[in-house]
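Read through the structure below, which is laid out as structure tokens, and then see the notes.
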Amino acid sequence: MAVFYNIMLGYFFGFALGVGCALAVFYAIYSGGYRKAIEHSLLQQKPKRYLEAMVAAVRRMEKEKAAEPPAGVS
């Protein structure tokens, strides 16, 4: 019975808490990047990387619009 108890503790601490901690770190990185993007969008003088990303996003949207068939065409 003690072996089963040790296996369950190892599983809980290794997998459940390990994955939870990893997800918390990923969320912290994501939210930090999102916050920084909002700050850059509000600046009067936009950073070079922000302007390059905006140009790429506009091109991607134009490419997607061109690839869509016109409305009503099957």
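For a Förster distance of 35 Å, can you work out the FRET efficiency between the beta-carbons of residue 64 and residue 12, rounded to the nearest 0.05?
Details: r = 45 Å, r/R0 = 1.29.
Taking R0 as 35 Å, the efficiency between residue 64 and residue 12 is 0.20.
Can you find, among 28, 53, 2, the residue sitting farthest towards the positive end of the charge dipole of the chain, where Lys and Arg contribute +1 and Asp and Glu -1 at Cβ?
Value: 53.
Computed from the coordinates by the stated procedures, all read-outs in this text should not be read as laboratory data. Since we're looking at a predicted model, the values are computed, not measured. As a convention, Cβ positions derive from the backbone with ideal geometry for all residues, glycine included, and neighbour counts pool all protein chains shown.
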